[in-house]
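The values are calculated or read from the model by the stated rules, or taken from the named source; none is laboratory data. All figures in this text were calculated on a predicted structure; none of them were measured in a lab. We place every Cβ from the backbone using ideal geometry, glycine too, and count neighbours over all the protein chains shown. Heavy atoms of the whole protein, side chains included, go into the accessibility calculation; ligands, DNA and RNA do not. Shrake-Rupley method; radii C 1.70, N 1.55, O 1.52, S 1.80 Å.
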Amino acid sequence: MALAMVAIGVAGAAAASDEAAKLVVHPGGEHCATQELAALGQASLCVKGGSFSHDVYTLKIAREVVLSGIDDDTTRGLETDSEGRHLRLVCAPRLEPNDTMKGVVKRMLLTQGKSEEEAETLAQRMGVVEAGRVCTLAADGTAVWQVEVVFP
C-alpha cells in the first residue's frame with residue numbers, strides 16, 4: 001500500500017506530491033489537509049492552532065470525526081477502530097535549534113553558577129523550539145498517509 005502525501009499551502013489548496021507533505025498552521029485558525037486514500041476513502045487532518053495554548057488535531061474519514069486530541073495526545077498517539085479498521089495517528093514533534101533560546105538558556109544557567117562548559121552543553125540541548133510536527137496515519141498497522149505540520 002503506497003503512502004499518500006499531500007502538500008497544503010497557506011491558501012489551503014491540496015495537491016498530491018512525492019515531496020514532504022506540508023500543512024502550514026497559523027495561531028487562531030483551523031487548517032486542513034484532505035486526501036483520497038485507497039485504504040480509507042476521503043481523509044482530512046485538521047489542526048486548529050492555539051495562541052500560547054495546545055493545538056487541536058482532528059482526523060475525519062468520509063467527513064466524520066474519528067479521532068481528536070491535543071498536540072500532547074498525538075505525540076503518544078491517538079487510536080480508534082473505524083469501519084472495521086484500526087486507525088492510529090501519531091504526530092511527532094519536529095524540533096529545531098533556536099539561537100535566541102540557546103542564548104537565554106545559557107545566560108540563565110551561568111547566573112545559577114554553572115560552568116561555561118556546562119552551560120553551553122545544556123543550552124545546546126535545551127535551546128530548541130517546536131517548529132512543527134510530522135503526523136503519520138496508520139490503518140491496521142500500515143502507514144497510509146503522512147502530513148508535515150509547519151508552524152511559521
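For segment 29-40, take each phi angle, set θ = phi - 60°, evaluate the Karplus expression 6.51 cos²θ - 1.76 cosθ + 1.60, and give the result in whole Hz per residue in order, putting x for glycine and proline.
x, 10, 10, 10, 10, 10, 8, 7, 10, 4, 7, 10
In segment 79-152, which GluC sites (Glu not before Pro) fall in coil by DSSP and have 12 or fewer other Cβ atoms within 10 Å?
Passing both the DSSP loop test and the Cβ count: Glu83.
Could you give the angle, 0 to 90 degrees to the nearest 10, between helix 99-111's Cα long axis and the longest principal axis of the Cα atoms of the chain?
40 degrees
Just need the relative contact order of the chain here, percent rounded to a whole number, with Cα pairs under 8 Å and 6+ apart. Each step should come with its number before you reach the end.
Values: 337 pairs, mean separation 34.0, N = 152.
Value for the chain: 22 percent.
Put a dot 7 Å past each Cα toward the Cβ at His54 and Val128; how far apart are the dots in nm?
About 2.2 nm separates the two model spin labels.
Kindly report the accessible area of the chain per residue (heavy atoms of protein chains, probe 1.4 Å, no ligands, DNA or RNA), in Å².
That works out to 56 Å² per residue.
With angles folded into 0 to 90 degrees, how steeply does helix 116-126 sit against the dominant principal axis of the chain? Use alpha carbons for both and round to 10.
Result, in degrees: 10.
If you roll a 1.4 angstrom probe over the protein chains with everything in place, what fraction of the accessible area of segment 19-78 belongs to carbon and sulfur, to the nearest %?
Carbon and sulfur together cover 50 percent of it.
How do Arg125, Arg88, Arg133 stack up against each other in accessible area, from largest to smallest, with a 1.4 angstrom probe?
Largest accessible area first, the list is Arg125, Arg88, Arg133.
Modelled label-to-label distance, Val65 and Gln42, 7 Å Cα→beta-carbon offset: nm?
Rounded to a tenth, the inter-label distance reads 1.8 nm.
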